[in-house]
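Below you'll find the structure, written out as structure tokens, and then a few comments.
The values are calculated or read from the model by the stated rules, or taken from the named source; none is laboratory data. Since this is a predicted model, take the numbers as computed values, not measurements. Glycine gets a Cβ as well: all are built from the backbone with ideal geometry, and neighbour counts include every protein chain shown. Just so you know, the surface numbers come from the protein's heavy atoms only, side chains and all, with ligands and any DNA or RNA stripped out. Shrake-Rupley method; radii C 1.70, N 1.55, O 1.52, S 1.80 Å.
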Amino acid sequence: MAKRRSKKAAAPRRGRSIPPNVSMESFLIHGRHFTDKWDFRHHIIPPQSSSVTYRLDTTERGAKGFRDYASGNAHKTEPIYIYDRLDEPTRGMLEDELAGAEGGDFCVCFATGMAAIAAALGVTLRAGDELLAHKTLYGCTYSLVTNWFPKQNISSQLIDLRDLRAVKAAINSRTRAIYFESPVNPTLELIDIAAIRKLADEANKNRPVGQKIYVIIDNTFATPFCQRPLEHGAHVVVHSLTKNIGGYGTDMGGAVIGPRELEGQVLLYRKDFGGVLAPKSAWPILVYGLPTLPLRLRKQMESAMEVARFLHGHPKVARVLYPGLASHPQFALAKKQMRNLDGEFAPGNMIYFETVEKHANEPRNNIKVVDWIARNAYTLTLAVSLGQLRTLIENPGAMTHAAVPPEKRLESGISPAGIRLSIGVENVADIIRDLDLGLAQAD
Ligand SMILES: *Cc1c(COP(=O)(O)O)cnc(C)c1O
């Protein structure tokens, strides 16, 4: 038997000798049984671990792992890995980085952005409670809130959260969460995070513990590079890691980041509903996505600014919403809220615009433009999703926000003539040339 190393050099485990009478069949399963080849501390690239279950050494260690799990103490002790769905090292490294990037106490990662949103709302809302949300939401979030929550007796008020008086009036004794995106998908409106938190604090003053209102923001469009909502007063941040953070369009993922008091609940929710992020999907986000986030976004933002300026002056364009343009109705709020890690203005890589239409309810031009681009443009691709190396274009009314009924879409400011652009890292002159050629197809 090889000698055991001292406790201090805990990472590499010594190999065990193979029993003399063991069969080749068993050897092919167990190899040297333990190996000293796992020296994760010295990897430059974090390893992609792929182990559903974990060796526990003793019953007591296993019991401690279960006791510590979701107890709120796990971050204080060495992790005891038990089973992938509970906790896992590759995903755990991604969670540590995301919590750090947003400035939160914890991060729990999910299979998709929608799984993360369902969890954040799932731990804060119970039957009989009410959700207060912005009237414009990502299509599937809208569907979750309006189709599924009523079946669980969770009601919702969808109002304009830019109207603070309306927010104050809408908060009632059943309100438990205020939820929004900022910038809003797809209209690029902004919600004043600090102002919403102030109203939540006023309401929370007289509330018993356990009935607190949580302010929850979907920070997918901005990413922690462009905006750190916890600094402005949000309690919880959710992300679709599928988008800007993943950055390459290879894997789906979601994240919930928040205060320690919610960590246990979010972990238990993930354990029991099961929508956990696979380590194989966590790995590219950890290894490629997060490390290149500032690089990609700096370049994309620089281009987005130029593209927004080009669209702003274009005769076939009725309206452009980009938080970096002084013409954005909430430009002052954009400059306050959207700041990169160096404190510089960081209005993001997403643009919303509407084509000029002769008949407002029967848009033709935006379809003409987008379809021409889909067939002919080299640097623009007709596709949903966002935040990739390639510039993506879509019609939110017909695609990403199709789950929103037409009359609600209009109410939400999603015009049938709307076009959403996610600026990639191509040469910006090529992007603008393709857009210009596309817009030339409009009547
Ligand atoms: C895409 C998106 C989601 C959903 O994320 P998935 O990873 O596709 O489940 C949620 N919110 C916003 C703002 C999104 O753009």
Task: Residue list for region 353-384, restricted to those being modelled with pLDDT of 95 or more and within 16 Å of the ligand (Cβ to nearest atom) - done: Ala383
Open item on the list: Given the condition without any contact (Cβ under 8 Å) to a residue 60 or more places away in the chain and either among the aromatic types (Phe, Trp, Tyr) or crowded, with 18+ Cβ neighbours inside 10 Å (or both), answer yes or no: does some residue in region 399-415 qualify?
Closed with: yes
Task: Residues being away from the ligand (no atom under 11 Å from the Cβ) and of a type in the set (Phe, Trp, Tyr) - total across region 220-242 - done: 1
Task: Test: Glu394 is open to solvent by less than 10 Å² (accessible area, probe 1.4 Å), in contact (Cβ under 8 Å) with a residue 24 or more places away in the chain and within 25 Å of the chain's Cα centre (by Cα) - done: yes
Open item on the list: Quick check on my filter: what residues within region 246-286 are surrounded by fewer than 24 Cβ atoms within 10 Å (Cβ to Cβ) and among the β-branched types (Val, Ile, Thr)?
Closed with: Thr250, Val276
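Just the residues that are outside any helix (DSSP H, G or I), closer than 18 Å to Ile431 by Cβ and touching a helix residue (DSSP H, G or I) at 6+ places or on another chain (Cβ under 8 Å), please, taken from region 351-386.
Hits for region 351-386 are Ile351, Phe353, Thr355, Ala377, Tyr378, Thr379, Leu380, Thr381, Leu382.
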- [ ] For region 121-177, enumerate the residues that are open to solvent by less than 60 Å² (accessible area, probe 1.4 Å) and of a type in the set (Phe, Trp, Tyr).
- [x] Tyr138, Tyr142, Phe149
TODO: Give me a count of the residues in region 211-257 that are in contact with a His (Cβ under 9 Å, 6 or more places away or on another chain), under 20 Å from Leu286 (Cβ atoms) and not in a helix (DSSP H, G or I).
DONE: 8
Task: The listed residue being away from the ligand (no atom under 16 Å from the Cβ) and aliphatic (A, V, I, L, M), out of Ile213, Ile217, Ile245 - done: Ile213
Task: Pairs with Cβ under 7 Å, 6+ apart, first in region 303-317 and open to solvent by 40 Å² or more (accessible area, probe 1.4 Å), second in a loop (DSSP other than H, G, I, E, B) - done: His312/Leu325; His312/Ser327; Lys316/Val356; Lys316/Ala442
Open item on the list: If I ask for residues that are open to solvent by 60 Å² or more (accessible area, probe 1.4 Å) and farther than 17 Å from Asp96 by Cβ, which ones from region 66-85 would you list?
Closed with: Phe66, Arg67, Tyr83, Arg85
TODO: Check region 100-110 and report whether any residue there is surrounded by fewer than 20 Cβ atoms within 10 Å (Cβ to Cβ), of a type in the set (Val, Ile, Thr), outside any helix (DSSP H, G or I) and at pLDDT 95 or above.
DONE: no
TODO: Output the number of the condition that His42 fails; it satisfies all remaining conditions of (1) over 30 Å from Leu94 (Cβ atoms); (2) loosely packed, with under 13 Cβ neighbours inside 10 Å; (3) modelled with pLDDT of 75 or more; (4) not charged (D, E, K, R).
DONE: (1)
Open item on the list: Where the second residue is exposed (fewer than 13 other Cβ atoms within 10 Å of the Cβ) and the first is in the same structural domain as Asp163 (by TED's automatic domain parsing) and lies in region 198-212, which pairs have Cβ atoms under 6 Å and are six or more apart or on separate chains?
Closed with: Leu199/Lys168
TODO: Could you grab the pairs with beta carbons closer than 8 Å, sequence gap of 6+ or different chains, first residue in region 233-260 and assigned by TED's automatic domain parsing to the domain that holds Thr112 and of a type in the set (Asp, Glu), second one within 11 Å of the ligand (Cβ to nearest atom) and open to solvent by 10 Å² or more (accessible area, probe 1.4 Å)?
DONE: Asp251/Thr242; Asp251/Ser281
Open item on the list: Given the criteria out of contact with any Pro (no Cβ under 7 Å at 6 or more places or on another chain) and part of a loop (DSSP other than H, G, I, E, B), does Pro315 qualify?
Closed with: yes
Open item on the list: Looking at (1) assigned to a loop (DSSP other than H, G, I, E, B); (2) under 18 Å from Pro186 (Cα atoms), which one does Gly343 not meet, given that it meets all the others?
Closed with: (2)
- [ ] All but one of (1) within 16 Å of the ligand (Cβ to nearest atom); (2) touching a Leu at 6+ places or on another chain (Cβ under 9 Å); (3) outside any strand (DSSP E or B) hold for Ala119, so report the exception by its number.
- [x] (2)
